[in-house]
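A short worksheet on the structure shown next.
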Amino acid sequence: MKRAWAFLVIATIAGSPVWAQQKIDQIVARVNGDIILKSEVDRELDLRRIEMAQQGMDAARINQELAEQSKVVLRDLIDRALLLQIAKEAGLSADLDVQKTLEELRVERKFATLDDLEKAIKKDYGDFEEFKNDIRVKYLTQQVIEHEVYGRIVVTQEEMRKYYDEHTSEFDKPAGVRIAEVTVLVDRRLPDQVATQGKKIEEARPAVKKGNNFAETAEKYSEVSTAERGGDVGFIAGDLKEQVNEEVAKALEKLEKGQITDIVEFNDALTFFKVTDKHNGGILSFELAQNFIWSSLMSKVAPDKVREFLSEQRDNGFIDIKEGFQDAGARPKNGKTASTTP
């Protein structure tokens, strides 16, 4: 359940909050109704410097990498602005994802409470709300990419089976479980609204117990992004207590394939899980390996598709780049990207 970018989030806790002390300076780009500031460009480069340092790079290598990164950082910020605009128009939310990530960080950093984690973030990062917003941005942009790009790429069962047969050794995994969830949110709701949400989850769980299709139930009741894929969270390998929230691990650890948990309350949400498959270690079955196969195949085709999608957003919008800066993601001579004087 950990995210591919979680290392960067964790790294920011250990980093110096130099960007928090910067003053707003010049506008370097306008992206439809939004602006990008020079201080944002500098902040992003600072974040990348911290990540590289956390990875153990020496100063010379970091400077070399940053010289290359500086050529695309404005492109990446424009990409982010475009994706966030789409997320806003679609009414997407990442509040629960933020809470889940904070809980993962609390466990990983061994803080007793979320209040202790918040104090550490304020001390080393400078602004807790800004820290949470960075997490929120990553989830929202990820949701848009998954829906607008990944969801439109067709990977056939034949392609997946062929990849599985040709790369069997890649699927040698430790014991683990594949789980699905139904989750409703209770964060920042009035008592009567919390009660309504409680009734909603209490309707969903008995429906599954009576034999209703779990995926259809998740699509109907669940309020988080996994609902779009029938509640599927994916395969979790290794010790559950090291991978998920302690309460979730406790609820799952004794279940067999096909069984569901009681309703669990954590991270301002009410959730129950189903163990959809179990693995005792060794080579995953084709069914359990499908998420890994899909990710491998997508890694080959998705980057070009994402870039094409973002180029289309530029073509359909208005991007104004100030003199002295360049959008490395703009199509040549597309007539939509302008360069003006400051």
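The values are calculated or read from the model by the stated rules, or taken from the named source; none is laboratory data. Here the structure is a predicted model, which is why all the values come from computation and not from measurement. Quick reminder, even Gly has a Cβ in these numbers, built from the backbone with ideal geometry, and neighbours come from all protein chains shown. Please note that ligands, DNA and RNA were not included when accessible areas were found on the heavy atoms of the full protein model with its side chains. Shrake-Rupley method; radii C 1.70, N 1.55, O 1.52, S 1.80 Å.
Legend: calculated FRET efficiency, L255 to D172, from the Cβ-Cβ distance at R0 = 30 Å, rounded to 0.05, equals 0.80. Qualifying trypsin sites (Lys or Arg not before Pro) in segment 233-342, where qualification requires a DSSP coil assignment and no more than 10 other C-beta atoms within 10 Å, comprise K254, K333.
Per-residue ellipticity at 222 nm for the chain, helices alone: DSSP H runs ≥ 4 residues times -39500 (n - 2.57), over residue total, nearest 500 deg cm²/dmol? Please report the intermediate quantities before stating the final value.
On the way: 13 runs with 180 residues, N = 342.
Computed ellipticity for the chain at 222 nm equals -17000 deg cm²/dmol.
At 37 °C and 0.692 mPa s, grab the translational diffusion coefficient of segment 158-222 from Stokes-Einstein with a Kirkwood Rh over Cα pairs, rounded to a whole number in µm² per second. In µm²/s, the coefficient rounds to 218.
The long axis of helix 73-90 is offset from the longest Cα principal axis of the chain by roughly 50 degrees.
Please work out how much length the chain gains when fully extended from K305 to F325, using 0.36 nm per residue of separation minus the C-alpha to C-alpha distance, in nm with one decimal.
Numbers: separation 20, 0.36 × 20 = 7.20 nm, distance 2.53 nm.
Net length gain for the segment: 4.7 nm.
Per residue, how much accessible surface does segment 232-342 expose to a 1.4 Å probe? Answer in Å², no decimals. Walk me through the numbers on the way to the answer.
On the way: 5980 Å² over 111 residues.
Here the per-residue accessible area is 54 Å².
Loop-located trypsin sites (Lys or Arg not before Pro) in segment 58-111 (DSSP state other than H, G, I, E, B) with a sparse environment of at most 11 neighbouring Cβ atoms within 10 Å: K71, K110. Axis of helix 157-166 versus longest Cα principal axis of the chain: the two differ by about 90°, to the nearest ten degrees.
Normalised by the number of residues in the chain, the mean separation of alpha-carbon contacts (under 8 Å, six or more apart) gives a relative contact order of 22 percent. Accessible surface computed residue by residue for segment 60-103, with neighbouring protein chains in place and a 1.4 Å probe, gives 47 Å² per residue.
The accessible surface of the chain, taken with every protein chain in place and a 1.4 Å probe, is 47 percent carbon and sulfur.
Which is the longest part of the chain that has none of the GluC sites (Glu not before Pro) sitting in a DSSP loop with at most 10 other Cβ atoms within 10 Å?
Working: sites that count: E256, E323.
Answer from the scan: 1-255.
Considering only alpha-carbon pairs that sit under 8 angstrom and 6 or more positions apart, the relative contact order computed for segment 191-342 is 12 percent. Listed by chain and number, the aspartates and glutamates whose alpha-carbon sits under 15 Å from that of K278, ignoring those within fewer than 8 places in the same chain, are D172, D232, D239, E253, E256, E287.
For F131, what charge total do you get from the other residues with a beta carbon under 11 Å from its beta carbon, if Lys and Arg give +1 and Asp and Glu give -1? Write down the numbers at each step before the final one.
Working: positive: K122, K132, R136; negative: E118, D124, D127, E129, E130, D134.
Here the charged neighbours net out to -3.
Axis of helix 59-69 versus longest Cα principal axis of the chain: the two differ by about 80°, to the nearest ten degrees. Compared with the rule-of-thumb size 2.2 N^0.38 Å for a compact globular protein, segment 114-259 has a Cα radius of gyration ratio of 1.30.
Taking a ≥ b ≥ c as the square roots of the eigenvalues of the alpha-carbon gyration tensor, the chain is classed prolate because a/c is 1.5 or more and a/b outweighs b/c.
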